[in-house]
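As structure tokens, the structure follows; a few thoughts come after it.
The values are calculated or read from the model by the stated rules, or taken from the named source; none is laboratory data. It should be emphasised that the depicted structure is a prediction, and the values quoted were computed from it without experimental measurement. When we count neighbours, we look across all protein chains shown, and the Cβ atoms used for this are built from the backbone with ideal geometry, even at glycine. Just so you know, the surface numbers come from the protein's heavy atoms only, side chains and all, with ligands and any DNA or RNA stripped out. Shrake-Rupley method; radii C 1.70, N 1.55, O 1.52, S 1.80 Å.
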There are 2 protein chains.
Amino acid sequence: MTSMRQFISDIKSNTPLHPILLDEPVSIDALPTPALTIDLNVLDSNLKKMQNHIDDHGMTLRCHTKMHKSPIIAKKQLAHGAVGVCCATVSEAEIMLLGEIENILITSPVVTEDKILRVMSMAKQSDDIAIVVDHIKGAQALNKYADADDINLKVYIDLDPGMGRTGIRPGEDALVLGQYILESCPRLNFQGLQMYAGNCMHINGFEKRQSKYQYILQKGLETKKLFESKGIPVPVLTGGGTGTYDMEPDIGFITELQAGSYAFMDIEYRDIGGQEKEHFDDFKTSLFVLTTAISQPQSTLITFDAGIKCLATDTAYPEFKDVEGVVYHFGGDEHGIVQLNNPSRTINLGDRLSLITPHCDPTVNLYDYYYPYRNGLVEEIWPISARGKSQ
Amino acid sequence: MTSMRQFISDIKSNTPLHPILLDEPVSIDALPTPALTIDLNVLDSNLKKMQNHIDDHGMTLRCHTKMHKSPIIAKKQLAHGAVGVCCATVSEAEIMLLGEIENILITSPVVTEDKILRVMSMAKQSDDIAIVVDHIKGAQALNKYADADDINLKVYIDLDPGMGRTGIRPGEDALVLGQYILESCPRLNFQGLQMYAGNCMHINGFEKRQSKYQYILQKGLETKKLFESKGIPVPVLTGGGTGTYDMEPDIGFITELQAGSYAFMDIEYRDIGGQEKEHFDDFKTSLFVLTTAISQPQSTLITFDAGIKCLATDTAYPEFKDVEGVVYHFGGDEHGIVQLNNPSRTINLGDRLSLITPHCDPTVNLYDYYYPYRNGLVEEIWPISARGKSQ
């Protein structure tokens with residue numbers, strides 16, 4: 001017998017957080033498939049490259065853990081120089097805090113009492129918990145609960161980049177909210193503005209993406225100036241992502257980049273295109289789904305054991321890392337049917353092959369463990385601690 | 001420090017299997033959203049209706065646990081009269097066995113040593129573990145490992161219904177495999193044929209679905225007759241599903257129905273259409289995703305906290321159970337953006353509403369727990385024990 005509060009607390013405390021060490025290295029060829037693997041050499045190189053870019057341009061990096069859901073990887077990003085993390089949900093943030101990551105921005109607003117109380121509970125444990133607000137009602141509620149708990153909470157105003165997802169309208173509406181927070185919410189410490197143009201990240205073609213992104217961020221820049229003209233300093237401008245990382249310095253709005261996918265990469269990001277090149281490959285693919293050929297009912301096809309319960313279906317088809325001339329179709333929940341058009345190698349029953357994922361975030365969210373490897377050998381297993389933490 | 005074998009065994013033994021009892025009932029309005037809920041009155045009615053149909057037509061029901069991933073629900077189906085369960089993967093079957101369900105058919109072939117050894121380990125614990133084979137190599141391997149372990153394993157021959165997913169070609173090819181098993185695989189006990197026409201389940205329109213299904217199953221019928229003409233009895237013909245449950249008696253091939261979705265239902269199945277009616281509603285929706293309105297950047301839209309990490313994206317959009325005149329679009333990993341065309345009720349920030357899921361199986365696979373309720377009250381929480389068990 002338990003209470004709902006105790007149940008939620010138990011889920012949290014039962015979450016595995018630490019690497020599981022293997023007594024001897026295991027070849028990736030011996031993993032139970034489908035398995036989510038990480039090429040550690042590529043991961044390291046991606047983390048380093050992004051941090052160098054950030055450092056070179058006087059920005060800071062607040063990496064988004066909604067992508068990898070792992071305090072282990074977040075700590076690597078912090079070790080490379082990130083100032084903190086951002087989380088999409090309260091329960092994801094709770095796991096990061098439990099994993100000893102103390103500087104956390106929750107990038108989506110909360111409005112109900114149960115979630116606000118969970119934010120307050122985190123803010124009692126760390127002075128560096130922050131959350132976005134996008135409505136006076138939300139600010140009122142946060143201030144009220146912070147006051148009841150005798151704590152001060154860092155907040156950012158979330159600006160709607162025109163997506164209609166979250167955020168307040170840039171300009172006057174945002175200013176009114178900012179003034180309200182400064183004048184009427186003594187428990188809320190205004191940190192700056194968030195503007196995440198998710199509607200720009202995957203525009204194909206560098207120039208097209210840059211042009212639309214610049215147009216949208218113009219409203220953020222104007223809002224910042226409006227705040228400053230009223231004597232409200234805006235120390236941090238947080239947002240942006242993998243798809244715009246190299247545009248931010250020229251646009252000059254974002255001071256703190258919220259990138260996530262750069263660590264793993266996927267087909268969706270690869271295909272947006274880079275500066276003067278077809279593929280966006282500034283960061284390389286480090287995440288793969290290892291899958292086994294299990295059946296071949298027809299000679300022109302071969303069936304693998306990874307279906308829509310193992311690969312995100314919201315964008316593209318997966319592609320093999322090392323085989324050309326084939327198409328991987330989803331064959332239901334547990335199968336992928338590979339059309340053998342003009343395969344660059346033979347594929348036999350029992351063969352294990354690595355897939356590049358269509359979209360890394362929702363693919364990761366399907367697995368409980370990562371199998372990180374270096375030179376084909378797995379030495380430890382990493383729990384995907386915040387998987388399924390969508391609350 | 002652990003070995004890979006011990007790690008896999010630990011995952012299994014750490015899986016929660018039993019209902020978590022709450023010390024007092026909780027209203028579904030108090031659940032942390034997004035939450036996966038089950039209307040128990042509807043679930044019970046669906047289970048009863050299907051079992052009555054099965055009993056009335058002299059068939060047996062082997063319910064598919066790939067849909068609900070829960071030994072708790074499987075046991076309810078067995079209590080209603082199902083003869084056993086089927087599982088899509090080895091790791092799913094392991095969880096069902098651990099949950100004290102002993103009659104299990106694995107509906108997809110295995111070809112690699114690691115998976116075969118796991119099947120053998122299960123077969124040592126229960127005489128009623130069965131698996132499909134669709135290739136002579138698979139039969140050879142199973143027979144070899146069964147012999148090494150001194151066990152006998154039940155097998156079904158999987159027939160390809162023309163999908164090219166798994167299965168051997170019906171007719172002569174299947175007969176050759178059957179004769180091989182009978183003559184050269186003394187450790188394999190041939191039980192019958194499996195033919196699951198997944199390519200028919202979601203054909204919209206009853207007549208169209210029936211016509212294609214009948215045509216496909218004709219090959220199964222011919223294969224059965226071919227086996228019998230060679231003196232090979234075929235006691236069980238297993239397959240079919242929710243979309244064809246009421247066609248099976250007339251077609252006369254399937255003796256054992258492998259239905260899953262009838263217990264929960266979803267938009268995809270509702271929209272296939274029933275006999276002389278637009279919607280297939282022989283079974284009612286018992287599964288919902290409860291979600292909260294968290295932001296409203298524009299007056300014609302409102303944003304909820306359930307995105308593509310909480311709802312399957314392979315088919316349709318989700319729909320609200322109790323609101324008409326709106327469209328739920330995916331707004332990324334964690335958000336749904338609802339277009340308020342002509343809403344049948346007002347929706348305010350903080351409101352909690354239930355969504356009908358687009359496709360139940362992959363939606364269930366995103367959650368760790370069910371919140372089953374009766375008359376709006378949750379008395380216990382059910383772990384989704386085999387969630388993520390895709391191996």
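What pairs come out if I take residues in the stretch B:3-27 that are in contact (Cβ under 8 Å) with a residue 24 or more places away in the chain and more than 17 Å from A:PRO16 (Cα to Cα) and pair them with residues that are in a helix (DSSP H, G or I) and open to solvent by 60 Å² or more (accessible area, probe 1.4 Å) whose C-beta lies under 8 Å away, six or more apart or interchain?
B:LEU17/B:LEU98
Which one of A:GLN214, A:GLN194 is in contact (Cβ under 8 Å) with a residue 12 or more places away in the chain, in a helix (DSSP H, G or I) and assigned by TED's automatic domain parsing to the domain that holds A:SER70?
A:GLN214
Output the number of residues of the stretch A:298-321 satisfying the condition of being closer than 22 Å to B:VAL110 by Cβ, out of contact with any strand residue (DSSP E or B) (no Cβ under 7 Å at 6 or more places or on another chain) and either open to solvent by less than 10 Å² (accessible area, probe 1.4 Å) or at the interface with chain B (Cβ under 7 Å from one of its Cβ atoms) (or both).
Number satisfying all stated conditions: 2.
Only one residue in B:LYS49, B:LYS66 is in a helix (DSSP H, G or I), open to solvent by 30 Å² or more (accessible area, probe 1.4 Å), more than 14 Å from chain A (Cβ to nearest Cβ) and not acidic (Asp, Glu). Which one?
Result: B:LYS49 is the single residue among B:LYS49, B:LYS66 that is in a helix (DSSP H, G or I), open to solvent by 30 Å² or more (accessible area, probe 1.4 Å), more than 14 Å from chain A (Cβ to nearest Cβ) and not acidic (Asp, Glu).
Please identify the pairs in which a residue from the stretch B:309-333 that is at positive phi has its Cβ atom under 9 Å from the Cβ atom of a residue that is of a type in the set (A, V, I, L, M, F, W, C) and surrounded by fewer than 21 Cβ atoms within 10 Å (Cβ to Cβ), counting only partners at least 6 apart or on another chain.
B:GLY325/B:LEU340
Looking only at the stretch A:260-276, decide whether some residue is among the charged types (D, E, K, R), more than 23 Å from the chain's Cα centre (by Cα), outside the structural domain of A:ARG345 (by TED's automatic domain parsing) and open to solvent by 10 Å² or more (accessible area, probe 1.4 Å).
For the stretch A:260-276, residues among the charged types (D, E, K, R), more than 23 Å from the chain's Cα centre (by Cα), outside the structural domain of A:ARG345 (by TED's automatic domain parsing) and open to solvent by 10 Å² or more (accessible area, probe 1.4 Å): present.
Applying the selection to the stretch B:353-376, what residues are within 10 Å of chain A (Cβ to nearest Cβ) and in a strand (DSSP E or B)?
Answer for the stretch B:353-376, where residues must be within 10 Å of chain A (Cβ to nearest Cβ) and in a strand (DSSP E or B): B:TYR369, B:TYR371.
Given the structure, is A:ALA312 assigned to a loop (DSSP other than H, G, I, E, B), assigned by TED's automatic domain parsing to the domain that holds A:GLY376 and in contact with a Gly (Cβ under 9 Å, 6 or more places away or on another chain)?
no
Has the stretch B:82-95 got at least one residue that is over 14 Å from the mean Cα position of the chain (by Cα) and surrounded by fewer than 20 Cβ atoms within 10 Å (Cβ to Cβ)?
Looking through the stretch B:82-95, at least one residue is over 14 Å from the mean Cα position of the chain (by Cα) and surrounded by fewer than 20 Cβ atoms within 10 Å (Cβ to Cβ).
Give the residues of the stretch B:186-196 that are more than 13 Å from B:THR107 (Cβ to Cβ) and of a type in the set (A, V, I, L, M, F, W, C), sorted by residue number.
B:LEU188, B:PHE190
Please go through the stretch B:130-159 and give me each residue that is surrounded by fewer than 24 Cβ atoms within 10 Å (Cβ to Cβ) and either within 13 Å of chain A (Cβ to nearest Cβ) or in contact (Cβ under 8 Å) with a residue 60 or more places away in the chain (or both), ordered by number.
Once the filter is applied, which keeps residues that are surrounded by fewer than 24 Cβ atoms within 10 Å (Cβ to Cβ) and either within 13 Å of chain A (Cβ to nearest Cβ) or in contact (Cβ under 8 Å) with a residue 60 or more places away in the chain (or both), the stretch B:130-159 yields B:HIS135, B:ILE136, B:LYS137, B:ALA139, B:GLN140, B:ALA141.
Among the residues of the stretch A:213-255, which ones are open to solvent by 10 Å² or more (accessible area, probe 1.4 Å), within 22 Å of the chain's Cα centre (by Cα) and of a type in the set (D, E, K, R)?
Hit for the stretch A:213-255 is A:ASP246, nothing else.
Let me spell it out: the conditions are (1) open to solvent by 40 Å² or more (accessible area, probe 1.4 Å); (2) under 24 Å from A:GLY167 (Cβ atoms); (3) free of Cβ contacts under 8 Å to residues at least 24 places away in the same chain, and B:GLN339 meets all of them except one. Which number is the exception?
Just one mismatch for B:GLN339, condition (3).
Looking for something part of a loop (DSSP other than H, G, I, E, B), open to solvent by 60 Å² or more (accessible area, probe 1.4 Å) and touching a Pro at 6+ places or on another chain (Cβ under 8 Å) - is there at least one such residue anywhere in the stretch A:162-175?
The answer is yes, given that some residue of the stretch A:162-175 is part of a loop (DSSP other than H, G, I, E, B), open to solvent by 60 Å² or more (accessible area, probe 1.4 Å) and touching a Pro at 6+ places or on another chain (Cβ under 8 Å).
Hey, among B:GLU324, B:GLU379, which residue is farther than 27 Å from B:VAL26 by Cα, surrounded by fewer than 19 Cβ atoms within 10 Å (Cβ to Cβ) and more than 9 Å from every other protein chain (Cβ to nearest Cβ)?
The match here is B:GLU324.
Look at the stretch B:260-297 and say how many of its residues are in a strand (DSSP E or B), away from chain A (no Cβ under 14 Å) and of a type outside the set (Phe, Trp, Tyr).
So the count comes out to 3.
Going by the conditions given, is A:SER9 more than 10 Å from chain B (Cβ to nearest Cβ), over 26 Å from A:GLN258 (Cβ atoms) and either in a helix (DSSP H, G or I) or small (Gly, Ala, Ser) (or both)?
yes
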